[in-house]
1. Could you tell me whether R81 is closer than 26 Å to N26 by Cβ, open to solvent by 40 Å² or more (accessible area, probe 1.4 Å) and under 16 Å from the mean Cα position of the chain (by Cα)?
2. Residues in the stretch 39-50: is at least one open to solvent by 40 Å² or more (accessible area, probe 1.4 Å), without any contact (Cβ under 8 Å) to a residue 40 or more places away in the chain and under 17 Å from W18 (Cα atoms)?
3. Could you tell me which of the residues I102, I109, I121, I129 is surrounded by fewer than 17 Cβ atoms within 10 Å (Cβ to Cβ) and closer than 24 Å to F7 by Cβ?
4. Name every residue in the stretch 84-99 that is aromatic (F, W, Y) and either modelled with pLDDT under 95 or exposed (fewer than 11 other Cβ atoms within 10 Å of the Cβ) (or both), in order of residue number.
5. Counting residues that are within 20 Å of Q118 (Cα to Cα), which strands (runs of 3 or more DSSP E) fully inside the stretch 1-97 reach at least 2?
6. Can you find even one residue in the stretch 82-94 that is touching a Ser or Thr at 6+ places or on another chain (Cβ under 7 Å) and among the hydroxyl-bearing types (S, T, Y)?
7. Taking only the stretch 51-75 into account, find how many residues are in contact with a strand residue (DSSP E or B) (Cβ under 7 Å, 6 or more places away or on another chain), open to solvent by less than 80 Å² (accessible area, probe 1.4 Å) and closer than 16 Å to R105 by Cα.
Amino acid sequence: MDILNHFTQMHDDFLKDWNIAMKTGNTSALERMTENYYVAFFNGSHNKPLFFTKQDSLDGMKQSVEHFLGAQKQFKHRVIRLRNNENAVVFYELLVVKEEDILARLFTIENWQLINGQWMIVRETEEVIA
């Protein structure tokens, strides 16, 4: 299997794991971050981004899943690009939907790296769309 297909299958499974977490509250399958992982979060065009460490992100992810328990994440317009055989970038629009209401809408960029045979997220950039 070529690298792009392998990565795409892994990322498909990762997205499925998100919706399992949204139903169950269990985020352990989503904890695929490197030790130096961070998130840059933009909320508004005139505000400086907020930065979150791996631990901040893990805590925030658990709180977010608990808050939106029963909602579903939809990943729209996903584009995957390989930088090389060990680095990939994923772009998508993320919607958090509950009972047909859109609760959150974000533009997301994930940077992944193949480390010891496992794809890990190195960093993310998220921006609130509206």
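The values are calculated or read from the model by the stated rules, or taken from the named source; none is laboratory data. None of the values given here were measured: they were computed from a predicted structure. Because the Cβ atoms are built from the backbone with ideal geometry, glycine has one as well, and the counts that use them run over all protein chains shown. Remember, those area values only see protein heavy atoms, side chains included, never the ligands or the DNA or RNA. Shrake-Rupley method; radii C 1.70, N 1.55, O 1.52, S 1.80 Å.
1. Details: closer than 26 Å to N26 by Cβ: no; open to solvent by 40 Å² or more (accessible area, probe 1.4 Å): yes; under 16 Å from the mean Cα position of the chain (by Cα): yes.
Criteria not met by R81.
2. no
3. One residue alone meets the criteria, I109.
4. none
5. The strands (runs of 3 or more DSSP E) meeting that bar are 33-42, 72-84.
6. The answer is yes; a qualifying residue exists.
7. Selection size over the stretch 51-75: 5.
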